[in-house]
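Student: Before anything else, here's the structure in question.
The values are calculated or read from the model by the stated rules, or taken from the named source; none is laboratory data. Everything quoted here is computed from the prediction, not taken from an experiment. Methodologically, a virtual Cβ is constructed for each residue, glycine included, from the backbone with ideal geometry; neighbour enumeration extends over all protein chains shown.
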Amino acid sequence: MTQQDYKANTAVRKRRVYMRKKICRFCADKKLHIDYKDAKTLRYFVSERGKILSARITGVCARHQRSLTTAIKYARHMALLPFTSSHVLSD
Amino acid sequence: MQLKHYETLYLMHPGMSEDDRSAFGGKLQDIITQSGGQVVLCDPWPLQRLAYKVQRQTQGYYVLLEYGAPANIIADITRELRLNDQVLKFLTIKHGDKFDAEAILKAKQSVPADSAAQPEAAPETISPEEEVQS
């Protein structure tokens with residue numbers, strides 16, 4: 001192993017150590033319910049383009065991510081959320 | 001017949017008068033009650049901006065209906081919503097196979113008022129005066 005490889009390896013290991021564990025906000029607060037009508041909350045889980053953000057980014061657990069995706073899709077169907085930013089109405 | 005717990009959200013044309021809207025809501029509620037069902041909640045939202053254009057409309061009135069009804073009635077409600085061309089969008093969701101009106105009302109009361117006031121607080125709501133331009 002060269003000196004450089006060794007340095008790169010330690011950097012990776014260090015980064016991992018400092019990685020903060022994200023908590024699923026729906027697991028942390030049981031009072032929060034995923035509702036397709038609550039577009040304000042759902043907006044937090046879509047990108048600026050309107051794409052659904054991955055659980056890796058938002059830290060939502062797998063179970064809640066599943067209900068979140070269906071909720072976002074319901075909201076899109078009801079015109080509460082945009083399918084894509086190009087359809088967003090400008091004033 | 002056993003009642004199931006359903007929820008229907010539908011979007012109405014912004015040009016519709018308030019009387020027409022409430023008349024249509026009453027018609028839907030009649031379908032439910034005549035079949036032995038029960039309406040727990042009828043919540044008309046204020047005029048709201050849409051996320052994208054629907055039938056060239058940029059805003060509309062949402063109405064949320066929560067009810068218990070026998071399963072075969074859903075087809076009638078869906079047909080009613082489809083036949084009315086003032087209805088731009090609709091969505092019916094089943095919450096559960098069991099319907100207990102008291103339990104649902106109790107659960108709604110225990111939730112603080114902030115969630116109930118949420119549609120009014122949303123920034124996208126527009127007062128009816130602003131709609132004239134369209």
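Student: Take region B:61-86 and flag every residue that is assigned to a helix (DSSP H, G or I) and closer than 13 Å to B:GLY26 by Cα.
Tutor: B:ILE77, B:GLU80, B:LEU81 - these are the residues of region B:61-86 that are assigned to a helix (DSSP H, G or I) and closer than 13 Å to B:GLY26 by Cα.
Every residue, every condition in (1) at pLDDT below 95; (2) over 25 Å from B:PRO44 (Cβ atoms), yes or no:
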| residue | (1), (2) |
| --- | --- |
| A:THR41 | yes, no |
| A:SER47 | yes, yes |
| A:VAL60 | yes, yes |
| A:ALA71 | no, no |
| A:ALA75 | no, no |
| A:THR84 | yes, yes |
| A:HIS87 | yes, yes |
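Student: Let me ask you something else. Which one of the conditions (1) at pLDDT 90 or above; (2) under 12 Å from the mean Cα position of the chain (by Cα) does A:LYS22 fail to meet, given that it meets all the rest?
Tutor: (1)
Student: Out of all the residues in region B:19-33, is one or more farther than 14 Å from A:MET78 by Cα, in a loop (DSSP other than H, G, I, E, B) and not acidic (Asp, Glu)?
Tutor: no
Student: On to the next question. Take region B:81-100 and flag every residue that is over 20 Å from A:ALA79 (Cβ atoms) and crowded, with 16+ Cβ neighbours inside 10 Å.
Tutor: The one that is over 20 Å from A:ALA79 (Cβ atoms) and crowded, with 16+ Cβ neighbours inside 10 Å: B:PHE99.
Student: If B:TYR62 satisfies all but one of (1) at pLDDT 95 or above; (2) more than 30 Å from B:GLU102 (Cβ to Cβ), what's the number of the condition it fails?
Tutor: The single condition B:TYR62 does not satisfy is (2).
Student: Give all pairs with beta carbons closer than 8 Å in which a residue from region B:47-62 that is more than 8 Å from chain A (Cβ to nearest Cβ) and within 14 Å of B:LEU9 (Cα to Cα) meets a residue that is charged (D, E, K, R) and in a loop (DSSP other than H, G, I, E, B); count only pairs at least 6 apart in sequence or on separate chains.
Tutor: Filtered contacts from region B:47-62: B:GLN48/B:GLU124.
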